[in-house]
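As structure tokens, the structure follows; a few thoughts come after it.
The values are calculated or read from the model by the stated rules, or taken from the named source; none is laboratory data. Remember, predicted model here, so these are calculated numbers, not experimental data. Here the Cβ positions follow ideal geometry from the backbone for every residue, glycine too, while neighbour counts run over all protein chains shown. For the accessible areas, the whole protein counts, side chains as well, though only heavy atoms, and no ligand, DNA or RNA atoms are used. Shrake-Rupley method; radii C 1.70, N 1.55, O 1.52, S 1.80 Å.
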Amino acid sequence: MGGQLNLPFSKRNARQWRLLDLVSAAFFGAIFVFFLLVFTPLGDSLAASGRQTLVLSTGDPRQRQRMVALIEAGKQQSIEACPAEAVDHMPCEDPRRNSQLSREMNFYRERNCPLPEETPLCLIPPPEGYRISVQWPESLHKIWHSNMPHNKIADRKGHQGWMKEQGPYFIFPGGGTMFPDGAVQYIQKLGQYIPITGGVLRTALDMGCGVASFGGYLLHEDILTLSFAPRDSHKAQIQFALERGIPAFVAMLGTRRLPFPAYSFDLIHCSRCLIPFTAYNTTYFVEVDRLLRPGGYLVISGPPVQWPKQGKEWGDLQAVARVLCYELIVVDGNTVIWKKPSDDSCMSGQNAFGLELCTDSDDPNYAWYSKLKNCVSKMSSHVGEYAVGSIPNWPKRLTKAPSRATLLKNGVDVFDADTRRWARRVVHYKESLNLKLGTPSIRNVMDMNALYGGFAAALFSDPVWVMNVVPPHSPTIGVIYDRGLIGVYHDWCEPFSTYPRTYDFIHVNSIDSLVKYPGSGRNRCNLVDLMVEIDRMLRPEGTVVVRDSPEVIDKVVRIARAIRLTATIHDPETESTGREKILVATKKDWKLF
């Protein structure tokens, strides 16, 4: 027949057998995959990955909004877990995303946040083998290796005493690159030149802190140090610091001001922080000057101080310090110590750097996404009242209304009332709500809406430190620093600059105000994203306390259950005159697999 190919019987048979083989192989392969998915961890992993693909693929903002609305209404029972590789995810410091940004002045290493609709709506899982953190003060010296199994720092810096792996722990001998023999000895050396003891110095900033041993050991002297470093090739400097129970924050001194008010720190320290202070026409030194309290101390240890092949940089650094009338206390080897003047009267003539005082229109406290300036911040007429040596010693400054409170409407009265109110409320928290405040279970605390820091002040006798967070441009944060506490500006419609699982206790008063336009009932963002962010920051078995109206608390409790928190609602203390309820929620120690 035309066009028909007549094959021998044997060849037709071979083709049929090949077809049967393929069908059989596919059948048995399907059975094998079925058993893998059902009876092995791979199935859980693939399922989680598949579910996460659905969570992450909500590119349509309307679909994401519908999901948020269902959760708020209590119709969405749970939010899925993120994939395993997201265990250390920080949305605004995501190296994969930020690597596409400009390298100029290290902009790509700064805080750069995704749009809300681009942020995954899922829960960050703990790493495999995660254990409840070692309690303070033991955590200063050792933490669980499995909680952050990143060995790069130990491998590279172990000989300098930063940290070492020892059995199931990372241990911290207390050393650093410029003090390999230990932070204690280094601090004693500094104490020969500056008043480390006696309460004269209280707030300190450690720039490029490593694993924050300097700040950790200054706590013995009642100096509260906020350490910062960027997320970099060492992977987890700040994560290690926070796991140790030391105040720390992810930040990069690049193109913007750091998110602190002017004249916050009594002491600013750089130990081989590698910040080019005189680059870009001394822009970075000028930012340090903005943050340093009048009469405060600047310590730079390491390059370029008397460092080989860095003579020009060292000369420029000394020159700009002279321009700003900093008093040279000592140059001891590779360490220099300066004292900032108590006023800016010397900034009147010409200088080689062309530096001038900022205009009256520049607010030195404006520091939320504010570009670095090439001018020197003016000191206000009240500067003498909060200079080091004039401001009360610690702890007297904690309860005395500072001069910055007098600049606010009814500031002193509000300060005193706020201090008394939170003293009562914390007693209620401990005695009636049985919260673990004051016990070794709670070390790292955050107050998300701190006002004057009254909540933190009420925890004065507890073995905790508190990160006080205030809205951008809030004038109250200066008062927080004047009373010897620490904090940052932050807009809670964006994620916070910290690693997952870094706070034991998170407190928020009037949570609804954080997501609304001031003076308006309209939302800027939503409570679901905010609660997911709280969950990201909270350690397993950690506690979040929310105070707000009954209607808001009802909404928050529905969201809390969707993110796997165990939540209960309580009445406020009897002295409360407001119409409010208190939500107490605990994060479960759940596993991804």
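Structure summary
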read-out	value
Matching residues, region 275-302, being in contact (Cβ under 8 Å) with a residue 60 or more places away in the chain, hydrophobic (A, V, I, L, M, F, W, C) and open to solvent by 10 Å² or more (accessible area, probe 1.4 Å)	I275
Exclusive hit being within 19 Å of T119 (Cβ to Cβ) and modelled with pLDDT of 95 or more, set V545, V584, V532	V532
Residue ID - least open to solvent (accessible area, probe 1.4 Å), chosen from residues in region 394-413 that are touching a Ser or Thr at 6+ places or on another chain (Cβ under 9 Å) and farther than 24 Å from A204 by Cβ	G411
Count - residues of region 77-114 that are in contact (Cβ under 8 Å) with a residue 12 or more places away in the chain and farther than 22 Å from W492 by Cβ	13
Sole exception among (1) surrounded by fewer than 22 Cβ atoms within 10 Å (Cβ to Cβ); (2) in contact with a Ser or Thr (Cβ under 7 Å, 6 or more places away or on another chain); (3) not polar (S, T, N, Q) for F505, by number	(1)
Qualifying positions in region 527-557 - within 16 Å of D491 (Cβ to Cβ) and open to solvent by 30 Å² or more (accessible area, probe 1.4 Å)	D529
Subset tally (residues that are at pLDDT 90 or above and either in a loop (DSSP other than H, G, I, E, B) or farther than 20 Å from T225 by Cβ (or both)) for region 166-189	7
Of all residues in region 543-580 being in a strand (DSSP E or B) and over 17 Å from M448 (Cα atoms), the one that is nearest to the chain's Cα centre (by Cα)	L565
Any hit, region 350-360, residues being within 31 Å of the chain's Cα centre (by Cα) and open to solvent by less than 50 Å² (accessible area, probe 1.4 Å)	yes
Any hit, region 125-143, residues being closer than 30 Å to D535 by Cα and assigned to a strand (DSSP E or B)	yes
Members of region 303-322 that are farther than 24 Å from P180 by Cβ and either surrounded by fewer than 20 Cβ atoms within 10 Å (Cβ to Cβ) or out of contact with any strand residue (DSSP E or B) (no Cβ under 7 Å at 6 or more places or on another chain) (or both)	G311, K312, G315, D316, Q318, A319, V320, R322
Test: residue in region 168-179 that is open to solvent by 30 Å² or more (accessible area, probe 1.4 Å), of a type in the set (S, T, N, Q) and touching a helix residue (DSSP H, G or I) at 6+ places or on another chain (Cβ under 9 Å)	yes
Residue tally, condition out of contact with any Ser or Thr (no Cβ under 7 Å at 6 or more places or on another chain) and open to solvent by 10 Å² or more (accessible area, probe 1.4 Å), over region 200-227	7
Number of the exception - R272 against (1) surrounded by fewer than 23 Cβ atoms within 10 Å (Cβ to Cβ); (2) closer than 21 Å to S133 by Cα	(2)
Qualifying residue in region 483-499 (condition: open to solvent by less than 20 Å² (accessible area, probe 1.4 Å), outside the structural domain of H220 (by the TED database) and more than 30 Å from N147 (Cβ to Cβ))	yes
Flag for C325 being open to solvent by 10 Å² or more (accessible area, probe 1.4 Å) and touching a strand residue (DSSP E or B) at 6+ places or on another chain (Cβ under 9 Å)	no
Which numbered condition V479 fails, given (1) surrounded by 23 or more Cβ atoms within 10 Å (Cβ to Cβ); (2) within 19 Å of F505 (Cα to Cα); (3) touching a helix residue (DSSP H, G or I) at 6+ places or on another chain (Cβ under 8 Å)	(2)
Yes/no for D332 being over 30 Å from the mean Cα position of the chain (by Cα) and open to solvent by 10 Å² or more (accessible area, probe 1.4 Å)	yes
Top-ranked residue of region 460-510 - restricted to ones that are touching a residue at least 60 places away in the same chain (Cβ under 8 Å) and of a type in the set (D, E, K, R), ranked as nearest to R404 (Cα to Cα)	D482
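Conditions (1) in the same structural domain as E118 (by the TED database); (2) basic (K, R); (3) over 23 Å from P120 (Cβ atoms), marked per residue:
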site	(1), (2), (3)
S513	yes, no, yes
K516	yes, yes, yes
V556	yes, no, no
P572	yes, no, yes
